[in-house]
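See structure below.
Laboratory data are not the source of any read-out in this text; all were calculated from the coordinates shown. Because the structure is predicted, anything quoted here is derived from the model rather than measured. Backbone-built Cβ (ideal geometry, glycine too); neighbour counts: all protein chains shown.
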Amino acid sequence: MKASGPLYALYARNLRKQVASGPLPRHIGLIMDGNRRWARQMGLAHPGLGHQHGADHVEEVLSWCELLGIRHVSVFVCSTENLTGRSDAEVAFLMQVIETVAAEHLARPDARWRLHIAGSLDLLPESTAHALKQAVEATRECTTGAHLTLAIGYGGRQEVVDAVRDLLSEQAAAGRTLDEVADTLSADDLTRHLYTAGQPDPDLVIRTSGEQRMSNFLLWQSAYSELYFCDTYWPAFREIDFLRALRSFAARQRRYGS
């Protein structure tokens, strides 16, 4: 179904009514996969242009979340593997896209989403890290209650390693021994040192492009998340695809491991 026309509008309206009457996720994680494959499918000059279209699409998806009152969204922008496993030209183009989005869309005075970064900015070019830091500062006083986390230069395993390192450093500074730390260590202790500290865990993680794996995204936080895999490439991800994911979420009985 094309994302236009009276039939699409009618179907989308009916889906909105369905999901509005059921439980909604408080926090959604988005693995926006398939940008390059979409670009090839569309016959664009080079696959990297898919990143531009994918980045432009994030703002529209956020508007769908805002309409439904979903206040926490985490988006997997690029992994540590993306930074080392792709050509220098593609990585440079992706960093340019991120800088433009940060400066022109995220850091606006009227921003409706407070920005957070998950990942290691030290892995990024200085100009990209600077643009993201500026966007974080520009949205710090955002009063809408909406929070957007961008996972950039991110790896779930490395996040846990960094959290353990920070926890041990904190405890050592407090004069505690390793045995003392081990005797009292809890999951909450580690959670306090994650990149996403202070934010709720995602209730629903959506991955586009048909791939069915987590790819090292929010491994700790998504332990009890509901997962939804959509065949559509990210730049072509429609509102009805999004609403279908929410409808699926509402129909599930969450067990939290029990």
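Computed quantities for the displayed model
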quantity	calculated
Added length on full extension, which subtracts the Cα-Cα distance from 0.36 nm per residue, Asp122 to Ala173	15.9 nm
Coil-residue GluC sites (Glu not before Pro) of the stretch 92-153, DSSP, other Cβ within 10 Å capped at 14	Glu141
Least to most buried among Phe229, Phe237 (fewest other Cβ within 10 Å first)	Phe229, Phe237
Amide hydrogen neighbours beyond the local backbone of His147, cut-off 5 Å, H modeled	His72, Val73, Arg114
Protection-proxy order for peptides 105-118, 161-174, 238-251, each taking the mean of Cβ atoms within 10 Å per residue, highest first	238-251, 105-118, 161-174
The chain, helix-only ellipticity at 222 nm - DSSP H runs n ≥ 4, -39,500 (n - 2.57), divided by all residues, nearest 500	-14000 deg cm²/dmol
GNM flexibility winner over the chain from Leu150, Leu178, Leu123 (Cα, springs under 10 Å)	Leu178
Charged-residue dipole, Cβ positions (Lys, Arg, Asp, Glu), the chain about Cα centre, Debye nearest 20	1300
